[in-house]
Amino acid sequence: MSVNTGTAKSDSLFLRAQRFLPGGVNSPVRAFKAVGGQPRFVASADGAYITDVDGNRYLDYVGSWGPMILGHNHESIREAVIKAAQNGLSFGAANALEVDMAELMTSMVPNLEMVRMTSSGTEAVMSALRVSRGFTGREKVIKFAGCYNGHADSMLVKAGSGALTGGAPDSAGVTSGAAKDTLIATYNDLESVETLFEQNKNEIAAVIVEPVAANMGVILPEPGFLEGLRKLCDAYGALLIFDEVITGFRLAPGGAQARFGIKADLVAFGKIIGGGLPVGAYGGRRDIMQTVAPLGKVYQAGTLSGNPVAMAAGIATLTQLRDNPGIYTHIETLGKRLADGLSKIGNTVNQIGSLVCMFMTKSPVTSYETAIKSDTEAYAAYFRHMLENGIYLAPAQFEAMFISAAHTESEIDKTIELGGQL
C-alpha cells in the first residue's frame with residue numbers, strides 16, 4: 001500500500017480538467033476542497049484497490065461511493081456486462097433483463113411489490129416523492145436535516161453529503177417555490193416530526209428518511225425511531241419513504257426494511273443495484289405504484305431506464321448477494337473490526353454492517369446538529385496522512401467508509417495501524 005511514484009500525471013489532468021469541467025470534476029466532493037490537495041485520477045480498480053494514472057495503488061474505502069460491495073472489477077459482473085454489451089448497448093424499448101431485475105429485487109426486499117427503473121438514485125428519490133404526492137393528493141414532504149436525498153431541487157434543503165461539507169446546504173438556483181413544501185425535522189427526534197405533522201395537518205404527503213443516515217457520516221437510528229416514524233405516518237395518513245440508495249442491499253439482502261423489520265410504503269434504490277453502472281429504482285406497495293404512468297396519472301419516464309447492460313450488472317451483483325449470505329457476515333465482521341480499532345484513536349466511531357465513519361469529535365453523534373461539531377480540519381489532516389500511506393478514504397468528513405467483500409482482516413488492521421500513527 002505504499003505510494004511513492006508521485007502525482008505528476010494526476011496534477012496535469014486536473015489542470016486540464018479545470019478548463020472544461022466546473023472545478024475540474026463531475027461531482028463536487030471529488031475536488032478535494034474539504035481536505036486540501038488535488039484529486040487523484042484513477043486509471044484502474046481491482047478487488048479492494050484502485051490505481052491512479054501515476055501508478056500509485058491505494059486500498060480503497062470509497063468503493064465508488066457504495067456500489068462495489070463485491071469489490072472492484074468482480075469477475076461475474078464483468079462477464080455479465082460483456083455478454084450483454086455484445087447484444088447491443090441500449091434499445092430504448094422493453095427488454096427481458098429489466099423484467100428479470102424487477103423480479104429479483106421484489107423477491108429479495110420485503111414489501112416491494114412493483115418497481116420502476118431509473119438511471120440514478122436522485123431520479124429514484126425525485127420520482128418516489130412525486131408518486132407520494134400523486135397518491136395522497138398532498139404537497140408537503142418531511143425530510144431530515146443532514147440527510148442527502150439526491151440533488152432534486154426540493155431535497156437541497158439542509159442536505160448532507162458534499163453539500164454539507166461544502167458549507168452550502170441550500171443550493172443556489174433552488175427556487176423558494178421548490179423548497180417551500182419541504183419541511184425539516186431532526187434525525188432521531190420523533191417529537192420534531194410530530195410537531196410538523198400537527199402544524200401541517202392533512203398537508204403532508206410523505207416522510208422521507210435514510211433509515212441509516214449515511215451522508216452526514218454514518219448515524220444509526222436510535223431504538224424506536226424508525227418504528228415511531230411508521231406510526232406517525234399511519235396516524236396522519238402520510239407515506240413512509242425509505243431512501244435506500246446507500247443502505248439498499250448493503251445492510252442485508254433485503255436492505256434496511258429487512259434489517260430493522262420496518263415496512264416502508266415506497267423505497268428508493270441506487271448504487272449496488274447497478275453493480276457499478278448508473279442505475280436507480282423506486283418501488284413499493286402495488287396500489288401506490290399503480291398510480292405511475294402508463295397505469296396511472298403520475299408521469300415519469302427515462303430513455304435509458306432498464307438499460308440492458310446496466311440490468312445485467314445489477315442482476316449479477318444481486319445474485320451473488322442472494323446466493324452467498326457469507327458475504328454479509330464477512331463485511332460486517334470487518335466493519336466491526338475497523339470500528340473497534342479506530343475508536344481506540346480517541347474519536348467517535350459509528351458503524352453498522354459494512355458502513356463506518358470516524359467523526360473527529362469525542363461526543364456521541366446522533367444527528368446533524370451533533371455531526372457538524374466534528375473538527376473538519378483534523379479530518380483533512382487524517383485524510384492526507386492516510387492517502388500518503390496508500391489508503392484512499394472519502395475526501396470529506398461527512399461520508400461513509402465502505403467495506404467490500406474483497407477487503408481482508410490484514411488490510412483492516414493495516415488501516416487501523418496507520419490511522420494511529422497520526
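Among the residues of the stretch 69-84, which ones are touching a residue at least 24 places away in the same chain (Cβ under 8 Å) and surrounded by 13 or more Cβ atoms within 10 Å (Cβ to Cβ)?
Passing the criteria: Ile69, Leu70, Gly71, His72, Asn73, His74, Ser76, Ile77, Ala80, Val81, Ala84.
For the stretch 96-127, enumerate the residues that are touching a Gly at 6+ places or on another chain (Cβ under 6 Å) and either farther than 17 Å from Ala313 by Cβ or assigned to a helix (DSSP H, G or I) (or both).
Once the filter is applied, which keeps residues that are touching a Gly at 6+ places or on another chain (Cβ under 6 Å) and either farther than 17 Å from Ala313 by Cβ or assigned to a helix (DSSP H, G or I) (or both), the stretch 96-127 yields Glu98, Met101, Met108, Val109, Pro110, Leu112, Met114, Gly121, Thr122, Glu123, Ala124, Val125.
Among Gly254, Gly275, which is the only one that is surrounded by fewer than 24 Cβ atoms within 10 Å (Cβ to Cβ), touching a residue at least 24 places away in the same chain (Cβ under 8 Å) and out of contact with any strand residue (DSSP E or B) (no Cβ under 7 Å at 6 or more places or on another chain)?
Result: Gly254 is the single residue among Gly254, Gly275 that is surrounded by fewer than 24 Cβ atoms within 10 Å (Cβ to Cβ), touching a residue at least 24 places away in the same chain (Cβ under 8 Å) and out of contact with any strand residue (DSSP E or B) (no Cβ under 7 Å at 6 or more places or on another chain).
Quick check on the stretch 9-20. Is at least one of its residues touching a Leu at 6+ places or on another chain (Cβ under 9 Å) and surrounded by 14 or more Cβ atoms within 10 Å (Cβ to Cβ)?
no
Which condition does Thr366 not pass, out of (1) more than 30 Å from Thr5 (Cβ to Cβ); (2) open to solvent by 60 Å² or more (accessible area, probe 1.4 Å), if it passes all the others?
(2)
Could you check, for the stretch 381-388, whether at least one of its residues is in contact with a Lys or Arg (Cβ under 7 Å, 6 or more places away or on another chain) and open to solvent by 30 Å² or more (accessible area, probe 1.4 Å)?
no
With modelled with pLDDT under 85 and not in a loop (DSSP other than H, G, I, E, B) as the only criterion, which of Ala206, Ala168, Ala172, Ala178 stands out?
Testing whether each residue is modelled with pLDDT under 85 and not in a loop (DSSP other than H, G, I, E, B) leaves just Ala178.
What are the pairs with Cβ atoms under 8 angstrom where one residue, in the stretch 383-394, is touching a residue at least 24 places away in the same chain (Cβ under 8 Å) and among the polar types (S, T, N, Q) and the other, located anywhere, is surrounded by 19 or more Cβ atoms within 10 Å (Cβ to Cβ) and not in a helix (DSSP H, G or I)? Sequence gap at least six, or different chains.
Once the first residue is touching a residue at least 24 places away in the same chain (Cβ under 8 Å) and among the polar types (S, T, N, Q) and sits in the stretch 383-394, its partners that are surrounded by 19 or more Cβ atoms within 10 Å (Cβ to Cβ) and not in a helix (DSSP H, G or I) give Asn389/Val3.
Test of understanding: among Ser367, Ser374, Ser354, Ser363, which residue is among the hydroxyl-bearing types (Ser, Thr, Tyr), over 30 Å from Arg322 (Cα atoms) and touching a helix residue (DSSP H, G or I) at 6+ places or on another chain (Cβ under 7 Å)?
Values: Ser367 fails: touching a helix residue (DSSP H, G or I) at 6+ places or on another chain (Cβ under 7 Å); Ser374 fails: touching a helix residue (DSSP H, G or I) at 6+ places or on another chain (Cβ under 7 Å); Ser354 fails: over 30 Å from Arg322 (Cα atoms).
Ser363 is the lone residue from the list that is among the hydroxyl-bearing types (Ser, Thr, Tyr), over 30 Å from Arg322 (Cα atoms) and touching a helix residue (DSSP H, G or I) at 6+ places or on another chain (Cβ under 7 Å).
Which of (1) assigned to a loop (DSSP other than H, G, I, E, B); (2) open to solvent by less than 10 Å² (accessible area, probe 1.4 Å); (3) of a type outside the set (Val, Ile, Thr); (4) modelled with pLDDT of 95 or more is the odd one out, the single condition Lys201 does not satisfy?
(2)
If you scan the stretch 302-339, which residues turn out to be open to solvent by less than 70 Å² (accessible area, probe 1.4 Å), more than 25 Å from Glu411 (Cβ to Cβ) and polar (S, T, N, Q)?
Matches in the stretch 302-339: Ser305, Asn307, Thr319.
When the residues of the stretch 345-358 are filtered to those that are more than 18 Å from the chain's Cα centre (by Cα) and at pLDDT 95 or above, which remaining residue is nearest to Ile403 (Cα to Cα)?
Step by step, filter the stretch 345-358, then rank; the result is Val349.
List pairs: first residue in the stretch 339-355 and in contact (Cβ under 8 Å) with a residue 60 or more places away in the chain and under 21 Å from Ile272 (Cβ atoms), second residue part of a helix (DSSP H, G or I) and open to solvent by 30 Å² or more (accessible area, probe 1.4 Å) anywhere in the structure, Cβ distance under 6 angstrom, at least six positions apart or on different chains.
Close Cβ pairs (under 6 Å, with a partner that is part of a helix (DSSP H, G or I) and open to solvent by 30 Å² or more (accessible area, probe 1.4 Å)) amount to Gly353/Glu332.
One residue is enough: does the stretch 24-31 have a residue meeting the conditions small (Gly, Ala, Ser) and part of a loop (DSSP other than H, G, I, E, B)? If you could, list the steps in order and put the result at the bottom.
Going residue by residue through the stretch 24-31, those that are small (Gly, Ala, Ser) are 24, 27, 31.
Now restrict to residues that are part of a loop (DSSP other than H, G, I, E, B): 27.
Within the stretch 24-31 (the criterion being small (Gly, Ala, Ser) and part of a loop (DSSP other than H, G, I, E, B)), the answer is yes, since at least one residue qualifies.
Residue check, Ser10 against (1) of a type in the set (Ser, Thr, Tyr); (2) free of Cβ contacts under 8 Å to residues at least 12 places away in the same chain; (3) part of a helix (DSSP H, G or I), all met but one. Which one?
Here Ser10 clears every test but (2).
What number goes with the only condition from (1) in contact with an Asp or Glu (Cβ under 6 Å, 6 or more places away or on another chain); (2) without any contact (Cβ under 8 Å) to a residue 40 or more places away in the chain that Glu103 does not pass?
Among (1) in contact with an Asp or Glu (Cβ under 6 Å, 6 or more places away or on another chain); (2) without any contact (Cβ under 8 Å) to a residue 40 or more places away in the chain, Glu103 violates only (1).
Yes/no matrix, rows are residues, columns are (1) in contact with a Phe, Trp or Tyr (Cβ under 6 Å, 6 or more places away or on another chain); (2) surrounded by fewer than 22 Cβ atoms within 10 Å (Cβ to Cβ); (3) basic (Lys, Arg); (4) not in a loop (DSSP other than H, G, I, E, B):
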| site | (1), (2), (3), (4) |
| --- | --- |
| Ala281 | yes, no, no, yes |
| Asp287 | no, yes, no, yes |
| Gln300 | no, yes, no, no |
| Gly341 | no, yes, no, yes |
| Ile345 | no, yes, no, no |
| Val356 | no, no, no, yes |
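Step by step: first the residues of the stretch 33-68, then only those that are of a type in the set (Phe, Trp, Tyr) and part of a loop (DSSP other than H, G, I, E, B), then the one that is least open to solvent (accessible area, probe 1.4 Å). Which residue is that?
Narrowing the stretch 33-68 to residues of a type in the set (Phe, Trp, Tyr): 41, 49, 58, 61, 65.
Filter again for part of a loop (DSSP other than H, G, I, E, B), leaving 41, 61.
On the way: Phe41: 54, Tyr61: 1 Å².
Only one residue fits best here, namely Tyr61.
Among the numbered conditions (1) modelled with pLDDT of 95 or more; (2) surrounded by fewer than 17 Cβ atoms within 10 Å (Cβ to Cβ), tell me where Ser27 comes up short.
Going through (1) modelled with pLDDT of 95 or more; (2) surrounded by fewer than 17 Cβ atoms within 10 Å (Cβ to Cβ) one by one, Ser27 breaks only (1).
The values are calculated or read from the model by the stated rules, or taken from the named source; none is laboratory data. Quick caveat: nothing in here was measured; it's all calculated off a predicted structure. No Cβ is skipped: glycine too gets one built from the backbone with ideal geometry, and neighbour counts run over all protein chains shown. With ligands, DNA and RNA removed, areas are computed over all heavy atoms of the protein, side chains included. Shrake-Rupley method; radii C 1.70, N 1.55, O 1.52, S 1.80 Å.
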